[in-house]
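The values are calculated or read from the model by the stated rules, or taken from the named source; none is laboratory data. None of the values given here were measured: they were computed from a predicted structure. Note: ideal-geometry Cβ built from the backbone for every residue, glycine included; neighbour counts use all protein chains shown.
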Amino acid sequence: MFVAFDKIKELADKQGISINILEEKLGYGTNTLYRLKRSNPSSKVLKEIADYFGVSADYLLGRTDNPHIAGEDTTATVDFKSIAAESMAYDGHELNDEDIDLIASILETRIKNRNKD
């Protein structure tokens, strides 16, 4: 089964465009992308579609669930305090502000020390 069409359809839906509109934007003929239900795209078409959506070709082919392109900086800052606050309870006990601050502090210290190694 070829997953490229399903991934492309999903990405187009997220942008609120139809497959036909996507074909127009990319300069493809009618039903070019629908043919991907039966076969994988050529490397040229794959690259054009991946570039259009800003995802990797491997993502379009279903080889990874990560849409990010290799080498792309996908590092995100994590707010440990908000994560701890969302927990609300641990082992049946409610967390208070002091507990949340402690959890955040422990996690921040652990990450800093781990990165030193």
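How about the stretch 1-47: which of its residues are of a type in the set (Gly, Ala, Ser) and out of contact with any Phe, Trp or Tyr (no Cβ under 7 Å at 6 or more places or on another chain)?
Scanning the stretch 1-47 gives Ala4, Ala12, Gly16, Ser18, Gly27, Gly29, Ser42, Ser43.
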- Note on the structure: Within the stretch 14-31, residues being modelled with pLDDT of 90 or more and either under 16 Å from the mean Cα position of the chain (by Cα) or of a type in the set (Asp, Glu) (or both) number 2
- Total residues in the stretch 28-56, condition more than 13 Å from Phe5 (Cβ to Cβ), surrounded by fewer than 17 Cβ atoms within 10 Å (Cβ to Cβ) and not hydroxyl-bearing (Ser, Thr, Tyr): 6
